[in-house]
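K.L.:
Pasting a structure below so you can have a look.
The values are calculated or read from the model by the stated rules, or taken from the named source; none is laboratory data. Quick caveat: nothing in here was measured; it's all calculated off a predicted structure. Reconstructed Cβ throughout: ideal geometry from the backbone, glycine too, with neighbour counts over all protein chains shown.
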Amino acid sequence: MTQFSRRRFIASAAGASAAFGLPAIAYGQGAARVVVIGGGFGGATAARYLKIASPQLQVTLVEPSRRFVTCPYSNLVIGGWRKIDSITFGYDKLTRAGITVVHDTAAAIEHDKKRVRLAGGRMLSYDRLIVSPGIDIRWNAIAGYDETGAQAMPHAWRAGEQTLVLRRQLESMPDGGLFVMAAPANPFRCPPGPYERVSMIASYLKQSKPRSKILILDAKENFSKQPLFQDGWQKFYAGMVEWVPSGKDGKVVKVDAKARTLETEFGQVHKAAVANVIPPQMAGRIARESGLADASGWCPIDAMTFESKLVKGVHVVGDATIAAPMPKSGFAANSQGKVAAAAAVAMLQGRTSPAPSMVNTCYSHVAKDYAISVAGVYRGTPDRGLIEVADSGGVSPRQWEDENRRLESVYADGWYASITGEMFG
């Protein structure tokens with residue numbers, strides 16, 4: 001299958017998922033209650049598609065924040081290409097779609113009573129529950145890196161204030177300063193994200209602080225779309241970006257946030273003008289405290305329904321899941337939210353959920369009018385879990401003309417507008 005035909009197939013699969021992925025629910029199930037915890041890519045999508053499947057369903061979305069700032073495209077804010085308002089969305093249109101949006105924190109899930117206790121004291125009963133808890137940072141997994149240290153060495157891996165902290169530090173950095181990123185080992189949210197961030201920062205520094213350098217200290221031996229990123233760095237930012245893999249002493253094990261120093265496994269100390277520490281991660285608190293996560297810190301799921309393998313009656317979607325080979329990405333969470341919604345509807349009707357097919361495309365900006373991508377199609381199986389459909393995707397060809405890279409950047413912007421519009425529009 002050619003790259004272009006793959007993309008046409010993926011686009012058509014995504015459209016089919018949106019148009020036909022959910023069966024109509026019987027009117028007799030009108031009183032059924034579904035609670036969705038988490039208003040990000042997975043949760044907002046699940047809530048919307050539950051209501052599309054059956055306007056009679058009582059759908060309640062629990063989300064503490066009144067505004068959602070997307071991790072996708074937050075790197076463009078850090079690089080100065082966008083303002084944070086352009087990646088910030090409210091929940092008003094979900095409310096107008098008939099979804100009850102409760103701005104509170106889910107404090108506990110009482111599985112035996114089928115209810116969610118909110119921090120404000122309210123109890124929400126449910127017939128099915130969908131949890132999209134996102135990630136939490138593993139504080140002190142890197143010695144010296146805690147919540148206080150994150151103010152001096154921002155992770156910016158949950159978009160919002162941390163995004164702006166890192167941007168302000170870059171603006172204050174002197175020309176000729178060293179920007180150091182500590183990139184985590186797998187698994188973590190958005191595998192290409194650190195390297196798109198480096199590209200956006202390199203774009204800003206090249207224009208505004210051209211004597212500056214970027215050092216990536218990586219806890220891995222390789223990374224997503226690596227040849228494409230490195231080709232782009234050589235093309236646009238030659239001599240500016242250095243990547244050090246774990247095998248060459250790239251793994252950061254200790255930091256001093258006040259001194260802005262990072263120490264690697266074998267004792268080498270790097271002094272940064274600005275440091276971006278992206279630490280190891282785990283499923284969000286509510287998933288861990290309610291028994292949805294295993295010893296790994298992530299949530300095992302049934303590939304056919306995204307129902308938890310540990311707690312019946314609860315579906316888990318998004319970054320918190322153990323869903324390899326699907327990456328932890330916004331598009332993956334969006335696809336999983338649709339599957340969980342379809343499964344919840346089917347189970348409320350007492351029938352078997354349809355076999356799921358899911359899509360992921362991940363675009364990364366490298367320079368102005370120059371982007372790269374990786375795409376895949378996945379399906380759930382009863383015996384092998386999630387599998388990637390052979391020849392269904394792949395990465396952008398390395399030898400593409402610049403016009404194709406420009407088109408990838410156009411597609412990226414279109415994808416972002418489309419998926420945020422689907423969730424919040």
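K.L.:
Checking residue 181 against (1) under 29 Å from residue 404 (Cα atoms); (2) surrounded by 18 or more Cβ atoms within 10 Å (Cβ to Cβ), which single condition isn't satisfied?
P.N.:
Among (1) under 29 Å from residue 404 (Cα atoms); (2) surrounded by 18 or more Cβ atoms within 10 Å (Cβ to Cβ), residue 181 violates only (1).
K.L.:
So which of 378, 363 ends up being under 28 Å from residue 233 (Cα atoms), free of Cβ contacts under 8 Å to residues at least 60 places away in the same chain and touching a Ser or Thr at 6+ places or on another chain (Cβ under 8 Å)?
P.N.:
363
K.L.:
Hey, does the range 47-63 have a residue that's touching a Pro at 6+ places or on another chain (Cβ under 7 Å), under 19 Å from residue 320 (Cα atoms), touching a residue at least 12 places away in the same chain (Cβ under 8 Å) and in the same structural domain as residue 129 (by TED's automatic domain parsing)?
P.N.:
No: the range 47-63 contains no residue that is touching a Pro at 6+ places or on another chain (Cβ under 7 Å), under 19 Å from residue 320 (Cα atoms), touching a residue at least 12 places away in the same chain (Cβ under 8 Å) and in the same structural domain as residue 129 (by TED's automatic domain parsing).
K.L.:
Go through the range 324-360 residue by residue and tally those that are in contact with a Ser or Thr (Cβ under 6 Å, 6 or more places away or on another chain) and β-branched (Val, Ile, Thr).
P.N.:
The number of residues fulfilling the criteria is 1.
K.L.:
Now, a different point. Which of the residues spanning the range 238-260 are at positive phi and of a type in the set (D, E, K, R)?
P.N.:
Initially, the range 238-260 is screened for residues at positive phi, giving 239, 249, 260.
Result: 249, 260.
K.L.:
So, in the range 332-361, exactly how many residues are hydrophobic (A, V, I, L, M, F, W, C) and surrounded by fewer than 23 Cβ atoms within 10 Å (Cβ to Cβ)? I'd like the intermediate steps shown before the answer.
P.N.:
Residues of the range 332-361 hydrophobic (A, V, I, L, M, F, W, C): 332-333, 339-348, 355, 358-359.
So of that shortlist, the ones also surrounded by fewer than 23 Cβ atoms within 10 Å (Cβ to Cβ) come out as 346-348, 355.
Counting residues in the range 332-361 that are hydrophobic (A, V, I, L, M, F, W, C) and surrounded by fewer than 23 Cβ atoms within 10 Å (Cβ to Cβ) gives 4.
K.L.:
Kindly list the number of the only condition in (1) surrounded by fewer than 24 Cβ atoms within 10 Å (Cβ to Cβ); (2) more than 18 Å from the chain's Cα centre (by Cα) that fails for residue 155.
P.N.:
Unmet condition: (2).
K.L.:
Give the residue, chosen from 324, 341, 355, 333, that is outside any helix (DSSP H, G or I), in contact with a strand residue (DSSP E or B) (Cβ under 9 Å, 6 or more places away or on another chain), closer than 15 Å to residue 307 by Cα and not polar (S, T, N, Q).
P.N.:
Details: 324 fails: closer than 15 Å to residue 307 by Cα; 341 fails: outside any helix (DSSP H, G or I); 333 fails: outside any helix (DSSP H, G or I).
Of 324, 341, 355, 333, the one residue that is outside any helix (DSSP H, G or I), in contact with a strand residue (DSSP E or B) (Cβ under 9 Å, 6 or more places away or on another chain), closer than 15 Å to residue 307 by Cα and not polar (S, T, N, Q) is 355.
K.L.:
Can you pull out the residues in the range 118-133 that are within 22 Å of residue 333 (Cα to Cα) and polar (S, T, N, Q)?
P.N.:
Matches in the range 118-133: 132 only.
K.L.:
What are the residues in the range 205-248 that are more than 16 Å from residue 368 (Cβ to Cβ), touching a residue at least 60 places away in the same chain (Cβ under 8 Å) and among the basic types (Lys, Arg), if any?
P.N.:
Within the range 205-248, 225 is the sole residue that qualifies.
K.L.:
Please go through the range 168-192 and give me each residue that is among the aliphatic types (A, V, I, L, M) and out of contact with any Pro (no Cβ under 9 Å at 6 or more places or on another chain), ordered by number.
P.N.:
Scanning the range 168-192 gives 170, 173, 178, 180.
K.L.:
Give the range 55-78 a look and list any residue that's among the small types (Gly, Ala, Ser) and surrounded by 23 or more Cβ atoms within 10 Å (Cβ to Cβ), or say none.
P.N.:
Within the range 55-78, just 74 meets the criteria.
K.L.:
Going through the range 390-425 one residue at a time, which ones are within 19 Å of residue 377 (Cβ to Cβ), touching a residue at least 24 places away in the same chain (Cβ under 8 Å) and part of a loop (DSSP other than H, G, I, E, B)?
P.N.:
391, 392, 393, 396, 397
K.L.:
Taking the range 263-311 only, how many residues are of a type in the set (Asp, Glu) and either closer than 30 Å to residue 174 by Cα or modelled with pLDDT under 95 (or both)?
P.N.:
Summing the residues that are of a type in the set (Asp, Glu) and either closer than 30 Å to residue 174 by Cα or modelled with pLDDT under 95 (or both) in the range 263-311 gives 2.
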